[in-house]
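S.K.: Before we start, here is the structure in question, set down as structure tokens.
Where a number appears in this text, it was derived from the coordinates with a stated rule and is not lab data. Please read all numbers here as calculations on a predicted model, not as lab measurements. Methodologically, a virtual Cβ is constructed for each residue, glycine included, from the backbone with ideal geometry; neighbour enumeration extends over all protein chains shown.
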Amino acid sequence: MSGTVSGARAGAVLAALGILAVFPLVFSNPTTTTIGLFVVIFMVAATAWNAFAGLSGYIALGHAVFFGSGAYTLAIVAEKLHMTGGWSVFELVPLAGVVAGLIAIPFGLVALRTRRHTFVVITIAIFFIFQLLAFNLTITHGSSGLQTPTPLWTAVGYNQRFYYVAAAILVLTVAMAWAIRRSRFGLQLLAIRDDEDRARGLGVRTGRVKLIAFAASAVPTGMVGAVYAYFLGQIFPQFAFDPLFDITIALMAFFGGLGTLTGPLLGALVLEALQQEFTLHFSVGGLYLIVYGALFLVVILLLPQGVVPTLASLLPRTRARLTQRAGAEA
Amino acid sequence: MTPLLEVEGLTKSFGGLRALDGATLAVAEGEIAGLIGPNGSGKTTLFNVVTGYERADAGDVRLRGRSISSAGPDRIFALGIGRTFQLTRIFARLSVLENMLVATQRHEGWARSVFRAAGSPAERKQALELLEFVGIAKLASLPAGNLSYGQRKLLELAYVLVADPDVILLDEPAGGVNPSLLHHIADRIRAVNAAGKTLLIVEHDMEFVMYLCGRIMVLHQGRVLTTGTPEQVQRDPAVLDAYLGGAEDEDDELDVAAVQL
């Protein structure tokens, strides 16, 4: 039985990888590939956020700090080195991840001393400090923003390049989230979620465990921030450090299922695609927020565990009922 | 020979309330010591200070002669003092077996924990053996939140044992447990002691304490009032005074066990 389950799971993983790989080739028009790119970027951010917040129960609303820092790292370094557009700019993506991870350490040392709502408020406060810095530092050119190099690629396959870089980051991020979940370290995070003081009393070094998870979740977020900056060609403080980013990735994880592996992926797929569709069709930028708000209410009220865990608990029950009925008829 | 665990002159105040007022006691290797006292006498505060959850205002805690009064709970657990809580504290959303595995890294650095699976086959086997030992192995895959109160007490005992501590502090192991399970818990505590562990038990159920402990210390208003065998303590008029709020009682035959607390 477990053999068929793991076989089915391996099949699902392969199918997902296949879809991820061929999507921009099959649907190659620029609008669709742009949506695809943004979906993948948010899949990374939501998965990374969930690997920390979903397991530890610390609802961080400051991950835009890492996204923005990654975006600015790429823009600033590319400018200082007078880089011209091309593949070489992508080499700055890992650097952006490292910078985001390093920023997470002092950020975490301050914020992770607090818990629950205090923690949430502290992360928001630190987020605004970073946005304010981006607005006021000379290195970021304040509110006039920064240009990133423009690649001289032809329109055909232009978006695909960004897409595949983001997709590669996604594969690594999901692998990281999976590894964390099944490691001792992941179990310690779950123990912290349930009773942090008790976990300490059983030898879990809670401070370190939380900080490492926080920094680990910052790295991929910074990397996709860099991809985002390079793709857009220019960045501004209010978009690189966007409070909506914080809420969006949290909502994606909540929607799909906090602490699950597939939940944030599903959440990002549904919500980001929805947002892009709304923006395209109604050409009103903020309309999707109303839908987000309504959706959030529905999820919290009707599916407090998120879509994936709810389905997972429904499926065996339905299957059992079906086999029962089949048995009764036979 | 120095005692395994020593508490010397421990003082701890919460605002104007002096919870511990120069408490001094010692626990010898291999014994089951009891710590009793009226409500508010400082028993749980003493446990909290010894296990690093609270910092004492003055005084010292020593394990094998070494001061541990500045260490946090994770460090103290790693040094070999395990404890259970009065109101059991388990990880409700983890399975019973996962609860056990949380505690298995007493001797392991964090870096290793990142790169290995949640439980090696050997650790899982050991965890299941301990669950078997306390008698809840059948429930291993259940979410711990589904356990009854008594079963939670057993789980707490089992996962403290996982890390093989030298001293175990039990905070009211019998509190709120139904009588049939009570015998089982007492029996398991005896077995733990027979396996070489030292125990210090805080308990309100006098029968339970008298049955288990070879030596009993009575805490009153933050300091140790008297120490002795169960018989000595039972006969000590000062103990009765402490429990009855200092009221002079003429009945010499009154025994502490009869006072329903």
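S.K.: Can you list the residues, at least 5 places off or on another chain, whose amide H is less than 5 Å from the amide H of B:SER95, using H built in the peptide plane?
M.R.: Amide H neighbours of B:SER95, under 5 Å, 5+ apart: B:ALA144.
S.K.: What is the order of A:ARG317, A:ARG184, B:ARG188, fewest Cβ neighbours within 10 Å to most?
M.R.: Details: A:ARG317 9, A:ARG184 25, B:ARG188 19.
Ranking A:ARG317, A:ARG184, B:ARG188 by Cβ neighbours within 10 Å, fewest first, gives A:ARG317, B:ARG188, A:ARG184.
S.K.: When the label point is put 7 Å from the Cα of B:GLU132 along its Cα-to-beta-carbon vector, which residues of the range B:139-172 have a backbone N closer than 15 Å?
M.R.: From the range B:139-172, the list is B:139-140.
S.K.: Just to check, using Stokes-Einstein with a Kirkwood Rh over alpha carbon pairs, what's the diffusion coefficient of chain B at 20 °C and 1.002 mPa s in µm²/s?
M.R.: This corresponds to a translational diffusion coefficient of 112 µm²/s.
S.K.: Provide the per-residue ³J(HN,Hα) series for the range B:182-195, in order, calculated from phi with Karplus coefficients 6.51, -1.76, 1.60 and θ = phi - 60°, each as a whole number of Hz, with x at glycine and proline positions.
M.R.: 4, 4, 4, 5, 4, 4, 5, 5, 4, 5, 4, 5, 5, 7
S.K.: Further question: For A:ARG182 and A:THR84, FRET efficiency with R0 = 45 Å and r from the beta-carbon atoms, rounded to 0.05?
M.R.: Efficiency at R0 = 45 Å is approximately 0.55.
S.K.: Can you give me the angle between helix B:121-134 and the longest principal axis of chain B, using Cα atoms only, in degrees from 0 to 90, rounded to the nearest 10?
M.R.: Orientation of helix B:121-134: about 40 degrees from the principal axis.
S.K.: Calculate, in whole percent, how much of the Cα-Cα pair population of the protein assembly as shown lies beyond 44 Å.
M.R.: For the protein assembly as shown, the share of Cα pairs beyond 44 Å comes to 34 percent.
S.K.: Defining a contact as two alpha carbons under 8 Å apart and six or more residues distant in sequence, what relative contact order in percent does chain B show?
M.R.: Contact order relative to length: 26 percent.
S.K.: Same structure, new question: If r is the Cβ-Cβ distance from B:GLU8 to B:TYR149 and R0 is 45 Å, what FRET efficiency results, to the nearest 0.05?
M.R.: E between B:GLU8 and B:TYR149, to the nearest 0.05, is 0.80.
S.K.: In straight Cα distance, which lysines are under 24 Å from B:LYS153, not counting same-chain residues fewer than 8 positions off?
M.R.: Cross-link targets: B:LYS43, B:LYS125, B:LYS138, B:LYS197.
S.K.: Using packing as a proxy for protection, rank B:41-47, B:232-238 so that the peptide with the highest average count of other Cβ atoms within 10 Å comes first.
M.R.: B:41-47, B:232-238
S.K.: Amide H neighbours of B:HIS220 under 5 Å, at least 5 residues apart or on other chains, H built in the peptide plane: list them.
M.R.: Amide H neighbours of B:HIS220: B:LEU225.
S.K.: Using each residue's phi in the range A:137-149, evaluate 6.51 cos²θ - 1.76 cosθ + 1.60 at θ = phi - 60° and report the 3J(HN,Hα) Karplus result to the nearest Hz, with x for Gly and Pro.
M.R.: 7, 6, 5, 9, 6, x, 6, 7, x, 10, 8, 9, x
S.K.: For chain A, what relative contact order do you get, as a whole percent, if you take Cα pairs closer than 8 Å and at least 6 residues apart?
M.R.: Over chain A, the number comes to 30 percent.
S.K.: Among B:ILE168, A:THR114, A:GLY293, whose Cα lies farthest out toward the positive end of the dipole of the protein assembly as shown, if unit charges sit on the beta carbon of Lys, Arg (+1) and Asp, Glu (-1)?
M.R.: A:GLY293
S.K.: Taking the Cα-to-Cβ direction at B:SER141 and at A:THR114 and moving 7 Å from each Cα, how far apart do the two end points lie in nm?
M.R.: It works out to 4.3 nm between the two label points.
S.K.: Another question about this same structure. Can you show me the helix-derived [θ] at 222 nm for chain B, built from DSSP H runs with n ≥ 4 at -39,500 (n - 2.57) apiece and divided by the number of residues, rounded to the nearest 500.
M.R.: -9500 deg cm²/dmol
S.K.: Something else now. Sort A:TYR164, B:TYR159 by Cβ crowding within 10 Å, fewest neighbours at the top.
M.R.: If I rank by nearby Cβ atoms, fewest first, I get A:TYR164, B:TYR159.
S.K.: Then there's this: For n ≥ 4 DSSP H runs only, could you compute -39500 (n - 2.57) per run for chain A, divide by its residues and tell me the 222 nm figure to the nearest 500? Intermediate values should be presented prior to the final figure.
M.R.: Details: 13 runs with 257 residues, N = 330.
Value at 222 nm, helices only, nearest 500: -27000 deg cm²/dmol.
S.K.: Count, for each residue of A:178-189, the Cβ atoms from other chains sitting within 10 Å of its Cβ, then give me the mean as a whole number. Numbers along the way, then the final one.
M.R.: Values: counts 0, 3, 1, 1, 3, 7, 16, 9, 4, 12, 7, 0.
Per residue, the number of nearby Cβ atoms from other chains is 5 on average.
S.K.: Kindly state, to the nearest 0.05, the FRET efficiency for A:ILE139 paired with B:GLU31, given R0 = 60 Å and r defined as their beta-carbon distance. Don't jump to the answer; show the numbers that get you there.
M.R.: Numbers: r = 66 Å, r/R0 = 1.10.
Rounded to the nearest 0.05, the efficiency is 0.35.
S.K.: Can I ask one more? Can you give me the Cα centroid spacing of the range A:206-274 and the range B:152-217 in angstrom?
M.R.: Computed from Cα coordinates, the inter-centre distance equals 47 Å.
S.K.: Could I ask something else about it? Say the dipole of the range A:131-196 comes from +1 at the beta carbon of Lys and Arg and -1 at that of Asp and Glu; which of A:MET176, A:LEU133, A:VAL165 then lies farthest toward its positive end?
M.R.: Sorting the options by dipole projection puts first A:VAL165.
S.K.: Using the Karplus curve 6.51 cos²θ - 1.76 cosθ + 1.60 with θ = phi - 60°, what ³J(HN,Hα) values do you get for each residue of the range B:21-35, in whole Hz, with x for Gly and Pro?
M.R.: With the stated coefficients, the range B:21-35 comes to 9, x, 6, 10, 7, 9, 10, 8, 4, x, 9, 10, 9, x, 10 Hz.
S.K.: Sort out for me the Cα centre separation of the range B:88-102 from the range A:8-76, rounded to whole Å.
M.R.: 32 Å
S.K.: Would you mind putting B:57-64, A:274-281 in packing order, based on average other-beta-carbon counts within 10 Å, highest first?
M.R.: B:57-64, A:274-281
S.K.: On to the next question. Name the helices (complete DSSP H segments) of chain A with a Cα length along the long axis of 30 Å or more and a Kyte-Doolittle mean of at least -1.0, or state none.
M.R.: For chain A, where a helix must reach 30 Å along its axis and average at least -1.0, the hits are A:2-26, A:30-56, A:116-136, A:158-182, A:206-232, A:307-329.
S.K.: Using the alpha-carbon atoms, what tilt in degrees (0 to 90, nearest 10) does helix B:149-161 show relative to the longest principal axis of chain B?
M.R.: The answer is roughly 70 degrees.
S.K.: In addition: Could you list which residues have their amide H under 5 Å from that of B:ARG18, counting only those 5 or more apart in sequence or on another chain, with H placed in the peptide plane?
M.R.: none
S.K.: Using only the Cα atoms of chain A, build the gyration tensor, take square roots of its eigenvalues as a ≥ b ≥ c, and label the shape rounded, prolate or oblate: rounded if a/c is under 1.5, else prolate if a/b is larger than b/c, else oblate.
M.R.: oblate
S.K.: Next up: Listing A:ARG181, B:ARG215, A:ARG321 from the residue with the fewest other Cβ atoms within 10 Å to the one with the most, what is the order?
M.R.: Ordered from fewest to most neighbouring Cβ atoms within 10 Å, A:ARG181, B:ARG215, A:ARG321 come out as A:ARG321, B:ARG215, A:ARG181.
S.K.: What does the structure give for B:89-101 when I average, per residue, the other chain Cβ atoms found within 10 Å of the residue Cβ?
M.R.: Across B:89-101, the average partner-chain Cβ count within 10 Å equals 4.
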